[in-house]
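Q: Starting off with a structure, shown below.
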C-alpha cells in the first residue's frame with residue numbers, strides 16, 4: 001500500500017481536491033497584479049519639458065499672443081515663417097512632484113521592475129526554508145501553490161491541476177488589462193487591483209497540511225485526520241485497516257530526519273539534475289517576463305497587446321492538458337521552449353509597423369513559453385522526493401527569479417538596438433532547451449518519497465538514458481513499491 005494507491009480509493013480528483021484547487025485558481029488570477037502590474041503602474045506618461053518664462057516672453061513680443069500648442073511646436077522643433085528651424089536649448093529643468101519624475105522615468109522603471117521581482121525571489125527563499133520545519137499549512141500562499149494542488153491528486157489526473165492554474169494566471173492578464181483601461185490613474189489602479197487580495201486571508205482555514213510531508217515525518221495521527229476528512233468529502237468508503245496498513249508498511253527509521261538544501265547537491269548526479277532544472281527555469285522566466293513587460297514595445301495599443309499576450313496562454317495550456325501524457329514531459333518542454341524561443345527572436349526582428357504580425361509571433365511564442373513553464377513545474381515536482389520536494393521547487397524557483405530580475409535590464413538594451421533583447425532571450429531558450437533531454441522522464445511514474453529512492457533513479461538513468469535491464473528493474477520497483485508512501 002502506498003499513498004498513490006490510497007488516492008485511488010479516496011478519489012484521484014474528487015470534490016475535496018477540486019474545492020481547494022478552485023481557491024488556488026482565484027489566487028492565481030489576482031497574482032498578476034503583483035507580478036507584472038508594474039507594466040501599468042510604471043507606464044511612462046506623455047510629457048514635455050517646461051518652456052522657460054523668458055522664452056515665452058520673447059516669442060510673445062515678436063509674434064503676439066501664441067497658443068500653448070504653438071509654443072510646444074517650437075520645441076520639437078518648429079519652423080517659423082522665415083524658414084528657420086528653432087530649438088529650445090536654453091535650459092533643462094526637471095520637476096518632481098508627488099513622486100513623479102517624467103524626465104527620469106524611463107531610466108528608473110527597469111530598476112523598479114527588478115526590485116519587485118527581487119522581493120518576490122527572497123520571499124520564496126525564506127518561505128521555503130520555513131517549510132522544512134512547518135510544512136505547507138502555514139505556507140499555503142507561498143511557492144508551494146503548484147505543489148499543494150498536485151500532492152493530493154492521483155497520477156492519472158495530475159496534469160489537469162498543473163495546467164489549469166496557468167490558464168487562470170493567463171486570464172488574470174486580461175482582467176488586469178481591463179482594469180487598467182478603465183482606471184487610468186496608477187494609484188487608483190493599484191488600489192482597485194490589489195484590494196481583493198485582502199480576502200485571500202480567509203483561505204487559510206481551507207488548506208490542509210501536506211499529507212505526504214506528515215507521513216515522511218512520522219506524524220501519522222495528523223495524517224489520518226486529513227485522510228478521513230478527504231474520504232468524507234469525496235464520499236469514499238475507507239476502512240481503518242487500509243489506513244493502518246499504509247502506516248505500517250511506510251514506517252521508516254529516518255522519518256524524523258531533517259533535511260537541508262545541501263541534499264540537492266550532495267552527489268554530482270543530484271547537483272547535475274538540480275542545476276539543469278534551475279537553469280532551464282531561469283531562462284524560461286526571462287522569456288516569459290521579457291515578452292510581458294515589453295508589451296508596449298510591440299507596437300499598437302498597450303492594453304490590447306497585454307491582454308492578447310495573457311490570453312495566448314489559455315489555448316496552449318488547454319492543448320497541453322491533452323498531449324502531455326502522450327508526448328511526455330521532456331519532449332513537450334524541449335519542443336515548446338525551442339519553438340517559443342525562435343518566435344521570440346522573430347517578434348523582435350519584425351518591424352513594429354507590422355503590428356499584427358509582431359503581436360501574433362509574440363503571443364504564440366509566449367503561449368509556448370508558458371506551456372513549457374507549466375510542464376517544467378510539474379516535471380520538477382515529480383522529479384524530487386517528498387522529503388526535499390519543497391526545497392527543490394523553491395531553490396529552482398529562486399534561481400528562476402534571478403532571470404526575471406535581470407530581464408528588465410536586458411529589456412533596457414532595446415533602446416540601443418530594439419531586437420537585441422528578443423535575440424538574447426530566444427537564443428538562450430533554444431540552447432537550454434536541449435538540456436532537458438538529459439533529465440529522467442517521469443511520465444506515469446509514482447512520486448518519490450525518500451532521497452535514497454531518488455539516488456536509485458539517478459543511478460539507473462544516466463543523462464536521461466535507461467538501459468533495457470534497468471528499465472525492467474525500474475518497472476519491478478514501481479510494481480512492488482520501494483516505499484509505501486509512493
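Q: Checking residue 441 against (1) touching a residue at least 60 places away in the same chain (Cβ under 8 Å); (2) buried (at least 20 other Cβ atoms within 10 Å of the Cβ), which single condition isn't satisfied?
A: (2)
Q: Restricting to segment 201-217, give me the number of residues that are touching a helix residue (DSSP H, G or I) at 6+ places or on another chain (Cβ under 6 Å) and over 25 Å from residue 243 (Cα atoms).
A: Of the residues in that region, 1 qualify.
Q: Ok, one more. Would you point out the residue of segment 432-486, among those that are at pLDDT below 50 and within 30 Å of the chain's Cα centre (by Cα), that is farthest from residue 387 (Cα to Cα)?
A: Only one residue tops the list, namely 465.
Q: Kindly establish whether residue 347 is more than 21 Å from the chain's Cα centre (by Cα) and at pLDDT below 85.
A: In short, no.
Q: Here is a follow-up. For segment 195-229, name all the residues that are under 25 Å from the mean Cα position of the chain (by Cα) and at pLDDT 85 or above.
A: Correct list: 195 only.
Q: Taking segment 191-213 on its own, how many of its residues are farther than 30 Å from residue 332 by Cα and surrounded by 16 or more Cβ atoms within 10 Å (Cβ to Cβ)?
A: Total satisfying the criteria: 4.
Q: Further question on the same structure: Report whether or not residue 394 is in contact with a helix residue (DSSP H, G or I) (Cβ under 6 Å, 6 or more places away or on another chain), buried (at least 24 other Cβ atoms within 10 Å of the Cβ), under 14 Å from residue 284 (Cα atoms) and touching a residue at least 40 places away in the same chain (Cβ under 8 Å).
A: Details: in contact with a helix residue (DSSP H, G or I) (Cβ under 6 Å, 6 or more places away or on another chain): yes; buried (at least 24 other Cβ atoms within 10 Å of the Cβ): yes; under 14 Å from residue 284 (Cα atoms): no; touching a residue at least 40 places away in the same chain (Cβ under 8 Å): yes.
Spelling it out, it is not the case that residue 394 is in contact with a helix residue (DSSP H, G or I) (Cβ under 6 Å, 6 or more places away or on another chain), buried (at least 24 other Cβ atoms within 10 Å of the Cβ), under 14 Å from residue 284 (Cα atoms) and touching a residue at least 40 places away in the same chain (Cβ under 8 Å).
Q: Going through segment 275-300 one residue at a time, which ones are free of Cβ contacts under 8 Å to residues at least 60 places away in the same chain and either out of contact with any helix residue (DSSP H, G or I) (no Cβ under 9 Å at 6 or more places or on another chain) or on the phi > 0 side of the Ramachandran plot (or both)?
A: Within segment 275-300, the subset free of Cβ contacts under 8 Å to residues at least 60 places away in the same chain is 275, 300.
Listed by number, the list holds a single entry, 300.
Q: Out of the residues in segment 1-50 that are closer than 30 Å to residue 174 by Cα, modelled with pLDDT of 80 or more and in a loop (DSSP other than H, G, I, E, B), which is farthest from the chain's Cα centre (by Cα)?
A: This residue is 14.
Q: Can you say whether residue 386 is closer than 30 Å to residue 212 by Cα and either touching a residue at least 40 places away in the same chain (Cβ under 8 Å) or surrounded by fewer than 22 Cβ atoms within 10 Å (Cβ to Cβ) (or both), as far as the supplied structure shows? Steps first, please.
A: Numbers: closer than 30 Å to residue 212 by Cα: yes; either touching a residue at least 40 places away in the same chain (Cβ under 8 Å) or surrounded by fewer than 22 Cβ atoms within 10 Å (Cβ to Cβ) (or both): yes.
So residue 386 fits the description; yes.
Q: Pairs please, first residue from segment 241-265 and surrounded by fewer than 16 Cβ atoms within 10 Å (Cβ to Cβ), second anywhere and modelled with pLDDT of 70 or more, Cβ atoms under 7 Å, 6+ apart in sequence or on different chains.
A: 245/1; 249/1; 256/217; 256/218; 265/271; 265/274
Q: Assuming residue 306 fulfils every condition listed in (1) at pLDDT 80 or above; (2) farther than 17 Å from residue 169 by Cβ apart from one, which condition is it?
A: (2)
The values are calculated or read from the model by the stated rules, or taken from the named source; none is laboratory data. Being a predicted model, the structure only gives us computed values, none of them experimental. Glycine gets a Cβ as well: all are built from the backbone with ideal geometry, and neighbour counts include every protein chain shown.
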